[in-house]
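Data block below; observations after.
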Amino acid sequence: MSLSLVLAGIGLHWLISPLRLAKREDEWRSCWKCCGETDSALAKLNRLACVVALASLTVLFVTGFGGRLLFGEAIHGYSLMMHVGLAPVFVISAGVVLVAWGHRCRLNGDDRQGLADLLRLRGANPADTADLGWKLTFWLAMLLIVPVSLSMVLGMFQIFGTHGQESLLSIHQYTALVLTLVTLIHLHLLIRRYFK
Ligand code: HEM
C-alpha cells in the first residue's frame, strides 16, 4: 500500500507540474554525469557504484518482499541465497555512493534556513527549500541502511533470544520498506531538479 501511495504521489506530481523531458543527447549525457562531473576513473567508479547500488536494492526489494506479496510465504531457497549474497554488494556500493556523493548533498546556509523555517512551521522562502528534498532524502536513505543491515547481522546471532530475533526481522522489514520508498522519492526529486 505504501509503495502504491508513493508511486501515485510521484505520478501525480508529474501530472500537476510536468517538466520538459525531451532533451538532446548531449544533455542526457551531462545528466548521467551528475554522478561525477569529469570522465576520470574516479567519476566512472562513482557512476558504477550508483548503478550497482540501485540495481542491488531493486533485487533485494524483489527477493525480500516478492515471496510474501505474491505467494504469501517467507523468503527461502534461491531467493534467500540471492538476497543474502547481494546484501554485501549493496552495502559496499552504497558506501562508495556515500563517500562520492556526500559533499554534493551537504546542507548549505539556504538549506539550513529553509529547514529551520519549515520546522518552526513558518512560511519558508521557496528558493531556500528548492534543494532540501533531494538532499534530505539522500541522508535519510544512507541513515536507514544502518538499521536495515544491522538488524539482520544481529538477527543471525542468538544475542537477543528468539523474541529479539523476531523483532529484529520486523525492524529489517519495515526499515527496508522505508529505505525503498525514500530512495524512490530521492530519485524522483533528483530527476525533477535536473529537468527544471
Ligand atoms: C543490506 C543488508 C541486508 C541483509 C544482510 C539482509 C539479510 C536478510 C536475511 C538473512 C533475511 C531472512 C531473515 C529470516 O527469514 O529470518 C532477510 C529478509 C528480508 N529482507 Fe533483507 N537483507 C538486507 C537488505 C535488505 C533490503 C535492502 C531489503 C529491501 C529493500 C530487504 C528486504 C527484506 C525483507 C522484506 C525480508 C523479509 C522476508 C520474509 O520474511 O519473507 N533486505 N534479509
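As a check on your grasp of the helix formula, calculate [θ] at 222 nm for the chain: sum -39500 (n - 2.57) over DSSP H runs of n ≥ 4, divide by the residue count, round to the nearest 500.
On the way: 8 runs with 148 residues, N = 196.
That calculation yields -25500 deg cm²/dmol at 222 nm.
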List the trypsin sites (Lys or Arg not before Pro) within the range 85-184 that DSSP assigns to loop and that have no more than 14 neighbouring Cβ atoms inside 10 Å.
R106, R120, R122
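All of the numbers you see were taken from the coordinates with simple rules; none came from a lab. Quantities reported herein were computed from a predicted structural model and do not represent experimental measurements. Every residue, glycine as well, gets a Cβ built from its backbone with ideal geometry; the counts of neighbours run over all protein chains shown.
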